[in-house]
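Chemist: Take a look at the following structure, please.
The values are calculated or read from the model by the stated rules, or taken from the named source; none is laboratory data. Predicted model, so just to flag it, every value in this text is computed and none were measured. Please note: Cβ atoms are built from the backbone with ideal geometry, for glycine as well, and neighbour counts cover all protein chains shown. For accessibility, only protein heavy atoms count, side chains too; no ligands or nucleic acids. Shrake-Rupley method; radii C 1.70, N 1.55, O 1.52, S 1.80 Å.
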Amino acid sequence: MDEEGSDHLRPGQGHLRQPEGQIDEWNAANPDQKVTLIELSDSADQQRDAMVQRATAKSGEFSVISMDVVWTAEFAANQWVQELPTDKFPMTGMLPSAVDGVAYFNKVYGYPSTSDGALLYFRKDLLDAKGLKAPTTWAEMKTVCDAIVPEHPGMSCYAGQFQKYEGLTVNVAEAINSAGGEVLTKDGKPAVNTPAALSGVQWLVDGFKDGMIPKEAITFKEEESRQAFQDGKLLFLRNWPYVYQLAQKTDGSSQVAGKFAVAPLPGKDGPGVSTLGGHNMAISKFADNKGTAMEFIKWMNTQDNQKRRLKTSSQAPTVQSLYSDSSLQTEFPYLKDLGDSIATAKPRPKAVKYADVTLAVQDATYATLQGQKTPQVAFDELQTKLTDLVK
């Protein structure tokens with residue numbers, strides 16, 4: 001059996017180390033049901049393309065796929081993944097948001113494997129030196145930056161992920177939600193050109209204009225932004241939990257080891273709202289060995305195995321109790337903040353035509369960040385496109 005995977009599977013190309021040790025363990029215990037890991041591109045967009053290509057060809061090359069939480073509707077509606085029997089996949093004790101992410105029209109099409117929420121990484125040493133605390137609003141963050149950044153040549157205030165790819169959808173959705181707006185309303189209607197939504201977009205646009213966000217951040221994905229923070233070039237960074245262990249390395253790869261901390265994302269008038277991330281393990285509709293696939297998925301996602309993946313590669317678990325485990329909180333100081341981030345996180349638009357939806361969001365956002373269109377013009381156009389796409 002082949003398990004699809006990649007070294008980068010968080011929304012918008014975040015870092016996810018595959019648990020080769022666990023796969024070896026499974027293979028040793030199940031010599032007649034061995035699993036082979038197939039690595040795909042670093043890009044989440046290209047990962048999806050590879051899966052869709054196999055699915056449309058009705059290929060059983062991938063038996064188990066690691067499916068982004070936002071792909072559930074598309075993959076289920078197109079009958080690319082197998083419906084799972086709920087009696088064989090109990091989800092009691094899992095994060096409600098993770099459970100919601102595997103459902104499509106009240107049927108289950110995946111098993112929650114990892115969750116994710118964004119965190120604000122910041123230079124605690126520099127804030128402490130000024131007697132400042134982590135900001136809870138955008139205005140507070142700007143004030144902190146104005147007090148610190150001028151004293152550190154080569155440093156900028158803030159960055160997220162603004163290259164034209166899935167991470168841009170994630171970041172602009174966070175800005176919109178953190179300003180009190182919505183991408184889609186609860187009844188599934190677009191709302192990207194409301195005053196609240198536009199104020200979130202405008203915050204990003206203004207950030208590039210006034211230098212709060214460095215110009216080079218227009219090319220940043222997760223890894224580029226992580227490297228900039230580790231190199232001491234950013235005071236604040238929006239990114240996923242995987243950054244924590246890498247930035248704490250003392251092998252010379254990080255200039256900020258022992259100097260940073262994490263906090264919830266700031267928002268317009270108070271704490272911000274993360275975009276929900278994470279992955280589900282799903283079974284290809286065209287797999288020959290669905291029984292083995294089901295057993296493998298359940299085994300891979302036991303509480304013990306999720307705890308091991310958290311400890312070895314910072315993969316956020318879907319088992320709720322792990323976030324309140326005192327020993328884990330000691331080992332991972334960000335865990336409580338991460339749990340809070342996930343608890344209030346909002347999903348990206350759930351749409352069967354999600355690939356078209358996210359591309360439309362990226363086109364509109366990128367045009368505004370580059371100054372080609374005003375937020376009002378770009379997001380009025382986006383409102384019209386989304387209305388057609390989510391009918």
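Chemist: Using amide H atoms built 1.01 Å from N in the peptide plane, name the residues 5+ places from residue 234, or on other chains, whose amide H lies under 5 Å from its own.
Modeler: Distant-sequence amide H within range of residue 234: 156.
Chemist: Which value in deg cm²/dmol, rounded to the nearest 500, describes the helix-derived mean residue ellipticity at 222 nm for the chain, given -39,500 (n - 2.57) per DSSP H run of n ≥ 4 and division by the residue count?
Modeler: Helices in the chain give a 222 nm mean residue ellipticity of -12500 deg cm²/dmol.
Chemist: Kindly identify segment 31-120 as rounded, prolate or oblate by the Cα gyration tensor criterion: order the square roots of the eigenvalues as a ≥ b ≥ c, call it rounded if a/c is under 1.5, otherwise compare a/b with b/c, prolate if a/b is larger, else oblate.
Modeler: Taking the square roots of the gyration eigenvalues as a ≥ b ≥ c, segment 31-120 is rounded.
Chemist: Tell me the trypsin sites (Lys or Arg not before Pro) within segment 249-358 that lie in a loop according to DSSP and have at most 13 other beta-carbon atoms within 10 Å.
Modeler: 249
Chemist: Could you tell me how many degrees, from 0 to 90 and to the nearest 10, lie between the Cα long axis of helix 335-344 and the main elongation axis, the longest principal axis, of the Cα atoms of the chain?
Modeler: That works out to roughly 90 degrees.
Chemist: Under 8 Å for C-alpha pairs, at least 6 residues apart: give me the relative contact order for segment 300-346, rounded to a whole percent.
Modeler: 21 percent
Chemist: Decide, for segment 272-323, between rounded, prolate and oblate: order the square roots of the alpha carbon gyration tensor eigenvalues as a ≥ b ≥ c, take rounded if a/c falls under 1.5, and otherwise choose prolate if a/b is larger than b/c, else oblate.
Modeler: Oblate, since a/c reaches 1.5 and b/c is not below a/b.
Chemist: Given the protein chains as shown and a 1.4 Å probe, how many square angstrom of residue 246 are accessible, to the nearest 10?
Modeler: 20 Å²
Chemist: Which FRET efficiency value, to the nearest 0.05, is calculated for residue 253 and residue 86 with the Förster distance at 35 angstrom and r the Cβ-Cβ distance?
Modeler: Here the calculated transfer efficiency is 0.20.
Chemist: Restricting attention to segment 31-69, which trypsin sites (Lys or Arg not before Pro) occupy a DSSP loop and are surrounded by at most 11 other Cβ atoms within 10 Å?
Modeler: Taking segment 31-69 and a limit of 11 other Cβ atoms within 10 Å, the loop trypsin sites (Lys or Arg not before Pro) found are 58.
Chemist: Using the heavy atoms of the protein chains alone and a 1.4 angstrom probe, what is the accessible area of the chain per residue in square angstrom?
Modeler: 40 Å²
Chemist: To continue, here is another question. Which shape class applies to segment 254-391: rounded if a/c is under 1.5, otherwise prolate when a/b exceeds b/c and oblate if not, where a ≥ b ≥ c are the square roots of the Cα gyration tensor eigenvalues?
Modeler: Oblate, because a/c is 1.5 or more while a/b does not exceed b/c.
Chemist: Subtract the Cα-Cα distance of residue 146 and residue 100 from 0.36 nm times their separation in residues, and report this length gain in nm to one decimal.
Modeler: So the chain would gain 12.5 nm between residue 146 and residue 100.
Chemist: Of the heavy-atom accessible surface of segment 72-230 (probe 1.4 angstrom), what whole percent is carbon and sulfur?
Modeler: For segment 72-230, the apolar C and S fraction of the accessible surface comes to 53 percent.
Chemist: Relative contact order for segment 261-391 using alpha-carbon pairs under 8 Å, separation at least 6, rounded to a whole percent?
Modeler: Result for segment 261-391 is 25 percent.
Chemist: Cα to Cα, under 16 Å, and not fewer than 8 places away if on the same chain: which lysines meet these conditions relative to residue 130?
Modeler: Reachable lysines: 142, 259.
Chemist: Looking at segment 178-292, what % of the alpha carbon pairs are farther apart than 21 Å?
Modeler: Of all Cα-Cα distances in segment 178-292, 56 percent exceed 21 Å.
Chemist: Step through the residues of segment 170-186 one at a time and calculate ³J(HN,Hα) from phi using the Karplus curve (6.51 cos²θ - 1.76 cosθ + 1.60, θ = phi - 60°), rounding each to whole Hz and writing x for Gly and Pro.
Modeler: Karplus values, whole Hz, x for Gly and Pro: 4, 5, 6, 4, 5, 5, 5, 5, 6, 9, x, x, 9, 7, 10, 6, 4.
Chemist: Pairing the Cα long axis of helix 375-389 with the longest principal axis of the chain, what angle in degrees results, from 0 to 90 and rounded to the nearest 10?
Modeler: Helix 375-389 sits roughly 20 degrees off the main axis of the chain.
Chemist: Angle, helix 44-56 long axis vs. longest principal axis of the chain, Cα atoms, 0 to 90°, nearest 10?
Modeler: 30 degrees
Chemist: Let me ask something else. Tell me the relative contact order for the chain as a rounded percent, counting alpha carbon contacts under 8 Å between residues six or more apart.
Modeler: Rounded, it is 26 percent for the chain.
Chemist: May I pose another question? Answer with a single label: of (1) 31.9; (2) 21.3; (3) 22.1, which was calculated as Kirkwood radius over Cα pairs in Å from the structure in view?
Modeler: The listed entry that was calculated here is (2).
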